[in-house]
Structure formats: C-alpha cells, structure tokens
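Structure first, commentary second.
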Amino acid sequence: MRVELDNLSKSWDGVVGADRITLDIQDGDLVAFLGPSGCGKTTTLLMVAGIYKPTGGTIKFDGQVVNEVAPKDRGIGMVFQSYALYPHMTVYGNISYPLRIQKVSKSEIRERVQKVADMMGIGDLLDRKIAQLSGGQQQRVSLGRALVKEPQLLLFDEPLSNLDARLRLTMRGEIKRLQEGMGITSIYVTHDQVEAMTMADKIAVMSDGVLQAYDVPEDLYDHPKTLFVAGFVGNPPMNFFDVEIMATNGDFRAKSGAIDLVLPYDRAKKAAERAKGKVVMGVRPEDIYLVDDSAPPAPGRTLSADIEAVEPLGREDLLGVTIDHVQMRVLVDKTKGARVGDAVDLVFDLSKVQFFDPETEQSLLWA
Amino acid sequence: MATGKVGRRFSYAFLILSIVPILIGYTWLVIATLSTRTQGLLPINAEGGIGGLTLSNWKFVFEGDIWNAMLNSLLIAVAMVIGVGIASTSGGYALSRFKFPGRKAFLTGTLVLHAFKAEMLLIAIFFVLRWLGAIPVIGDYIGFNSVGGVALVMVALELPLGIWLMKGFFDNLSWDMERAALIDGAGRFRVWWQIMLPQVRPGIAALALFTFIAGWNAYLVPFTFTIGAKVANMPVFLNQLISDTAPVNWNLVAAVGMFQMIPLIIFFIFTQELLLNIYAGGSKGT
Ligand SMILES: Nc1ncnc2c1ncn2[C@@H]1O[C@H](COP(=O)(O)OP(=O)(O)OP(=O)(O)O)[C@@H](O)[C@H]1O
Ligand SMILES: [Mg+2]
C-alpha cells in the first residue's frame, strides 16, 4: 500500500509533536523513522495508525485520505516497544484476538494463528500465559498478532529496543526477511541508526518534529543535505570544524589556525562558489589515519595532533585528539597501540569531505 | 532480601502480641453468646459458680425478624456492590482516559463531596427520597422507607471513593495495550470490557469488598431513612433489640452481633486468597 503524508502536523496546545511532515512511501517499502528521543517519531506513527488526530495536513493510503478513518478500519498492524500484549490471555488468545473481533470462523482462526505462530517460531507456545514468556518470545507474539490479520501496512515503534544486543541482531534480520517476503509496506521507528541503515529502503531523519531528510541509506551517509543529518547518521559521529576555503595557485585549501589541508578540487570548488565566508567542514572519524607504513604522510593532507583519550571499541580504538585546540575523533586499528599523551601525525582522506553553511546548516554540496 | 531467624522471631512475637487484645475481644464474644452471664472471660451460672452454658441466646434464629433484617442487609450490600461497581469502573475509565470539558471540575468536585460527612446531608437526602418516593410505580422501591432508597443513598455516598480508586487503577495501565486493541479492531466499549477491565480485577475485588462491608454494616443511613422492622437491616435491628428490651440482655445482643458477622467471616474465608493477591496482582500487570 502506498502511503503519503502531506504537511502532517500534531501539536498539543503549544507543544509541537510533529511539524509539517511530508513524505511518500512506495508500496512494499520499509521506511525507517530515525531521530533522537522526543523528535516526534511516535507521534507521526500514531497519526498514521489513527490513534492521534492530526492537527493539520493529510494522510493518504493508496490515494485515499484516511484522516477520519478509525484505526480498526485502516488495515494496519502495529508492534510496540512495550509489546502491549494482553496479559490475561494466552499466546493463542493474543494472536487470535484481531480475528475473533472480525468474527472469522473458529476453524479458520485456528489455522491462521497456527500458521503465523509457526512462521514466528512460537508454534509450540500457544497455550502459555504471556507472563511465562521471555522478552524475545513476547515480541514474536506481538509481531504475530500484527501479522495475523494480513495488514496492508505494518507499523513498528522501536520493537527491538527492549531486547539484548544479540537477539536484536537476529530479530532485525527476521523482521526484514518477513517484511520483504510478504511485501508489506512498513514504517519502522527507531533511534538506532544501524537498525535503520540495515533494514530500511528509505530513512526519514527527524529532529524537533521536523523532517530533516528523506533518502536512501547510502545517500544519507555519503551525501547528507544538512549538518544535523551529517552529525546524526554515522557512528562515531562526523568531526566538524570551522575553516575558510582559500584558492591558492590552482589549489583549494582549508585553513584555520594550525589546520591547513589541500582539498579535492571538485568538492572544494562547488563549496567555495556557494560559501559566504567561513564554512563548516566535516570529516568522518574513519577517514583519518595515523601516519605509519601503511598510511604514509601525504603532502598537504597531514597534520600533527595530541592524543587526549583512547576508547577501546573492540577491533578498533576511538581516539580523542586535539589539533591546535580543535578536537576530533579518529577511528584507528587496535594494533597501532595508541596511548594517551602521544604526539602523532594524522593523514586525512578528504575524498568524502563535507561542507555546510554555518548559518543555514545546509550542505554546500548537496542541498 | 533474606530475613534473619532472630528478626523473623521478633516480628512474629510482635504480630502475636498486637492481635492479643482483638483475640480476647472475640473470645469473649463467642463465650458470651453461649452463656447466661459472664465475668471476665468466664461463663457464670445462677449460683455464681463457673458454668451455665446455654444455647438460649441463639433462639432468635428461629424467628422471622432476624432473617428479614439479614435479607435487607444483603440486598443493600449487593445493590451497592453492583451499583458502585458499574459506576466506578466506567466512570473511572472515562476520567482516566478521556479529555472532556468539566473533567477537572468533576474530579475535584467528587473529592470535595467525599469530604462532607453523611450526617450533614441527611436532611437534604430526606427530601430527595421523598421526591423519589412520589414517582409512580417505582417510587415505592426507591423512596423514603425502602431498602432501595437506602441502597441508592449508600451508593451515592460511596461513589467518590470508588471512582477515584478505579481511576487510579486505570491510570496505571499502559496506553499501548489500549492502542493495540483499537488497532486490532476493537471499539471503545470492547476495549474497556475485554482489555482494560481484566487488568484492574484486583481493584474491582478490593472495591467490591469495601463496598460490601460498608453496605453490610451500614447503620446511619438505614436508621435515618427507614421506620419499623420490615425494612430494618441488621445493625438497625440490633439497635432496636438494645432499646426495646429492659434490662438489656447483653448476651442476646452479643449473639445477634455474632450472627451479623457470620456472613462476613464466610466471605473472608473464601476471598482470603484473592485479597492477599491484590497487591501482588496489581504490580504484576505491567
Ligand atoms: N500526548 C501528548 N501530549 C503532549 N505532548 C506530547 C504527547 N505525546 C508526545 N508529546 C510531545 O511530543 C514530542 C514528540 O514525542 P514523541 O513521543 O513522538 O517522540 P519520539 O520521537 O517517539 O521519542 P522517543 O524516541 O523517546 O520515543 C515530545 O516533545 C513529547 O513531549
Ligand atoms: Mg517514541
């Protein structure tokens, strides 16, 4: 089912939950709503579900405005972070509930519940009480309950955030496989960007009730249109620092204090043409290397820095360094054995450098 | 946290000590109902020696009046449980979940009304019951000097507490479960009946119990708004017993009082398990 949100807004006397959200979800796509806590993801989702009444704008399902349609008539299934199972019913009672309301025949209910439960791997738990299930099993029941009525649209509100990391990984894959296999259009709310990046066909990044970007995952990562998106997508977050772009004998250089880097010609030219004075330059932590045999110093792309903090991340170390009072994060191989207090040389890979206008916070490259 | 052996002994000793006075009171009550006279906890016969046990105090159970009073008590208590139960569970849900004009005023209003003692309202209620009594056909059942009228007044007096209690229970339920049910296809009434009410069963049980006891032991309202033995409930009947006979036969009074307690005791024995579960059940919900 195709879903279109047009200037969708919700506010409660003064408190803005969602502000003029406009986006278009293609049939069969999984779209992730990504953003920090309180940015309006749940609010938008509940408007799509029909639980919240929009204070402005429209919601269209397959071209039909559904603003006034009751939740039960929207043909949707929803999975909640809290699972929202009915604790006084068994697993069977929970999954069959939507069908019992629709007065489907007993035998058909039995058949469909069993089918969904088997698909979710909980076929042998049907007689259990909800309290006798683990968190992961409860989430499967909740997913089964959403799927059993064969909805046109599936809504997920942070369905995995109460599960442990390993289970989250398995469930993530399972949900994606189910959704793709059944071809059900889905909206998936999360504040976990890895989840969004790996599962979604398109990601809607929100902050403060406003849609910041709506794009395919790769474009969000490689071509962020705003400073917020650049800083929010990617972990550890992108480094930002103020520089001036100077054109000197055919080269573009970024300058600010001790920072002096030769920039890739095309990006720098584009940014310089649109910049009004200073710009915000962005470099991801994984695009900065410690100078050694495998990464020789490059003329015009090497700066010296002091290591202030080392944060082991398992396979890699996250370094906090300063270059003449400018702080940056650098992701390096563990084997480099970096230590706090070391003075090191860093070489910058600037092929993916980003530039933003400090006033409007719009990208100077992609906006 | 494990309690030490000494600590446990101490708490048992404390609990036992604190119920001793109550136990003594009940022991006296039982002995008194079976004797002609008592001195302290001991039954005394005509000669002043120990003895003189008798069942004569219990003769009243073969008279019709007491059974009539008991039936009236039961009617009042059951009517209250049903009336307060329905109004509190539906009203409490609405006040917990819906926004509507006057909601705040209603909430504070009921709270303020609850602060008024029933005594202050007696005269006003008398007029209301007189009006109700003037309604054709049903007037005889809900007006002045009727069991229905008493039940109606008692329900009204009990409602503020009931509504607030149930609102509190509903407030503690997650919205998600309700939203899930709405999306699953349930209407508002079905959500209330099939999803929300089962979650607040402990609250309903507690409310039913409080209401039943309040109705069973009601004295002031039945005493004020009924005349004569026909519509008297147990406490009123007991009072009539004390004032009608001179000198007062305290052993008879004790027996009637004991008789009044028997249904409550039976009720407690059967609901003990449920009552002990109220707390545990309430916190298990989420
Ligand atoms: N019923 C409500 N009444 C008033 N304000 C609300 C209500 N629901 C949400 N808000 C406000 O709207 C804003 C967005 O809330 P929302 O629940 O949509 O955030 P979210 O993106 O889902 O956050 P989280 O990741 O923490 O779940 C918040 O500022 C919140 O305080
Ligand atoms: Mg949320």
Area accessible to solvent at B:VAL112, 1.4 Å probe radius, in Å²: 90
Protein accessible area in the stretch B:64-280, 1.4 Å probe - carbon and sulfur %: 73
Protein accessible area in the stretch A:239-356, 1.4 Å probe - carbon and sulfur %: 48
Size of electric dipole in the stretch A:239-356: Cβ of Lys, Arg +1 and of Asp, Glu -1, about Cα centre, debye, nearest 20: 580
A:ALA213 long-range amide H proximity, modeled H, under 5 Å: A:VAL205
Relative contact order (percent, whole number), chain B, Cα cutoff 8 Å, 6+ residue spacing: 25
For the stretch B:1-128: relative contact order, % (alpha-carbon pairs under 8 angstrom, 6 or more apart): 10
Within the accessible area of the stretch A:14-92 (1.4 Å probe), percent carbon and sulfur: 49
Most to least accessible of B:TRP192, B:TRP131, A:TRP366, B:TRP175 (protein chains only, probe 1.4 Å): B:TRP131, B:TRP175, A:TRP366, B:TRP192
Solvent-accessible area per residue, Å², over the stretch A:277-367 with all protein chains present [probe radius 1.4 Å]: 51
Alpha-carbon centroid distance for the pair the stretch A:6-20 / the stretch A:323-357, whole angstrom: 41
Separation between Cα centres of the stretch B:152-213 and the stretch A:78-128, rounded to whole Å: 25
Long-range lysine pairs (8 or more apart or interchain), chain B, Cα under 29 Å: 9
Loss of accessible area when B meets A, both sides summed, Å² nearest 100, probe 1.4 Å: 1800
Charge dipole (debye, nearest 20) of chain A; +1 at Cβ of Lys and Arg, -1 at Cβ of Asp and Glu: 1580
Contact order normalised by residue count of the stretch A:239-356, Cα under 8 Å, 6+ apart, percent: 29
Cβ-based charge dipole, the stretch A:93-155, positive-most Cα from A:PRO98, A:LEU133, A:ALA146: A:PRO98
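Averaged over peptide A:77-87, how many Cβ atoms belonging to another chain are found within 10 Å of each residue's Cβ? Could the numbers behind the result be given before it?
Numbers: counts 3, 6, 1, 7, 1, 6, 4, 11, 3, 8, 6.
Counting other chains' Cβ atoms within 10 Å and averaging over A:77-87 gives 5.
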Residues in the stretch B:167-189 occluded by at least 30 Å² - accessible area, probe radius 1.4 Å, against chain by itself: B:ASP176, B:MET177, B:ARG179, B:ALA180, B:LEU182, B:ILE183, B:ASP184, B:GLY185
For the stretch A:3-232, with +1 on Lys and Arg beta carbons and -1 on Asp and Glu, the positive-most of A:GLN26, A:ALA200, A:ALA117 along the dipole: A:ALA117
Whole-Hz couplings from phi, Karplus 6.51/-1.76/1.60, listed for the stretch A:98-106; x for Gly and Pro: x, 6, 5, 5, 6, 6, 5, 5, 3
J(HN,Hα) series, the stretch A:25-30, from Karplus relation 6.51 cos²θ - 1.76 cosθ + 1.60, nearest Hz, glycine and proline x: 10, 6, 4, x, 7, 10
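Sorted by mean Cβ packing within 10 Å, highest first, what order do the peptides A:253-265, A:307-319 take?
Result, highest mean first: A:253-265, A:307-319.
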HN-Hα J in Hz across the stretch B:51-58 - Karplus 6.51, -1.76, 1.60, θ = phi - 60°, x for Gly and Pro: x, x, 5, 8, 9, 5, 4, 8
For residues of A:93-102, the mean tally of beta carbons on other chains within 10 Å: 3
Of every Cα-Cα pair in the protein assembly as shown, the percent that sits beyond 35 Å: 63
Euclidean distance between Cα centres, the stretch A:201-277 to the stretch B:1-71, Å: 87
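The values are calculated or read from the model by the stated rules, or taken from the named source; none is laboratory data. Predicted model, so just to flag it, every value in this text is computed and none were measured. Please note: Cβ atoms are built from the backbone with ideal geometry, for glycine as well, and neighbour counts cover all protein chains shown. For accessibility, only protein heavy atoms count, side chains too; no ligands or nucleic acids. Shrake-Rupley method; radii C 1.70, N 1.55, O 1.52, S 1.80 Å.
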